[in-house]
Amino acid sequence: MEREQALLIVKQQLTEQRYEHTLGVVETAVKLAKQYGADAKKAELAAIFHDYAKFRPVEEMKQIILAQNMPNDLLAYNSELWHAPVGAYLVQAEVGIDDPEVLDAIRYHTSGRAGMTLLEKIIYLADYMEPGRRFSGVDDVRRLAEEDLNRALLQAVKNTIAFLLEKRQLIYPDTIHAYNSLVREVKGEAKR
């Protein structure tokens with residue numbers, strides 16, 4: 001699917017502000033893909049569609065989670081997580097994108113997971129640090145991303161966990177698994 005066609009489809013699903021965010025994620029994802037040797041076309045496509053389901057009604061997302069046999073434990077956590085796996089499903093069902101790498105990058109862009117692929121890491125990080133993001137710690141992650149994708153991602157996940165702890169919110173297990181997996185990867189890289 002061509003970029004302009006994809007953007008036209010996704011623009012209909014988003015607010016103007018969220019569409020601007022998406023353009024920032026696309027720009028960042030393509031840059032990271034080129035920097036770290038990932039497929040830039042897949043990164044662009046996953047970035048364009050990463051928030052496809054962001055504004056779907058919570059009840060609709062809940063029904064899709066149940067009907068598609070997604071992990072039921074999702075329902076016990078903040079509904080902000082739901083748009084990622086629901087989005088991956090809807091992008092396949094409604095848009096016809098069936099590349100498993102692109103769909104997984106969409107599916108895990110909010111929670112992360114253990115053993116993330118390069119494309120999953122890029123979309124998670126691009127969503128976290130796109131140029132429109134303004135919050136404590138984001139500039140540190142941007143600096144790290146210039147040098148080391150895994151260290152930047154580890155810092156982003158760590159910041160997210162700290163934010164959730166501060167707010168006394170539940171932390172989805174995949175996020176903890178992503179953190180642990182990244183710690184192992186970064187420590188393994190340090191031993192080389």
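The values are calculated or read from the model by the stated rules, or taken from the named source; none is laboratory data. In this text the structure is predicted, and so the values were computed from the model without any measurement. Ideal geometry is used to build each Cβ from the backbone, glycine not excepted, and the neighbour counts take in all protein chains shown. Calculation scope for accessible area: heavy atoms of the full protein, side chains included, ligands and nucleic acids excluded. Shrake-Rupley method; radii C 1.70, N 1.55, O 1.52, S 1.80 Å.
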message: Given the options 84, 52, 25, identify the residue whose Cα lies farthest towards the positive end of the charge dipole of region 11-99 (+1 on Cβ of Lys, Arg; -1 on Cβ of Asp, Glu).
response: 25
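Note down, for region 59-126, the three equivalent ellipsoid semi-axes (square root of 5 times each alpha carbon gyration tensor eigenvalue), biggest first, whole angstrom.
Details: eigenvalues 74, 46, 17 Å².
Each semi-axis is the square root of five times an eigenvalue, giving 19, 15, 9 Å.
Once every DSSP H run of n ≥ 4 in the chain is given -39500 (n - 2.57) and the sum is divided by its residues, what mean residue ellipticity at 222 nm do you get, rounded to the nearest 500 deg cm²/dmol?
On the way: 10 runs with 125 residues, N = 192.
It comes out at -20500 deg cm²/dmol, rounded to the nearest 500.
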- prompt: On the accessible surface of the chain, probed at 1.4 Å, how many percent belong to carbon and sulfur atoms?
  reply: 50
message: Pick from 83, 177, 50 the residue whose mean-square fluctuation is largest in a GNM of the chain, springs joining Cα atoms under 10 Å.
response: 177
query: In square angstrom, rounded to the nearest 10, how much accessible surface does residue 79 have for a 1.4 Å probe?
result: 40
query: Given C-alpha coordinates of region 3-187, what is the ratio Rg to Rh with the Kirkwood estimate of Rh?
result: 0.94
- line: Per GNM of the chain with C-alpha springs under 10 angstrom, the most fluctuating residue out of 107, 143, 56 is 143
- request: Given the options 90, 164, 154, state which has the largest fluctuation in a GNM of the chain using a 10 Å cut-off (strictly under) for Cα springs.
  value: 164
message: At a threshold of 8 angstrom on Cα-Cα distance, excluding pairs fewer than six apart, so keeping six or more, what relative contact order does region 3-187 reach in percent?
response: 22
- prompt: So how far apart, in nm, are the two label points at residue 170 and residue 7 if each is 7 Å from Cα heading toward Cβ?
  reply: 3.8
query: Of 158/187; 11/167; 11/41; 41/121, which sit over 23 Å apart, Cα to Cα?
result: 11/167
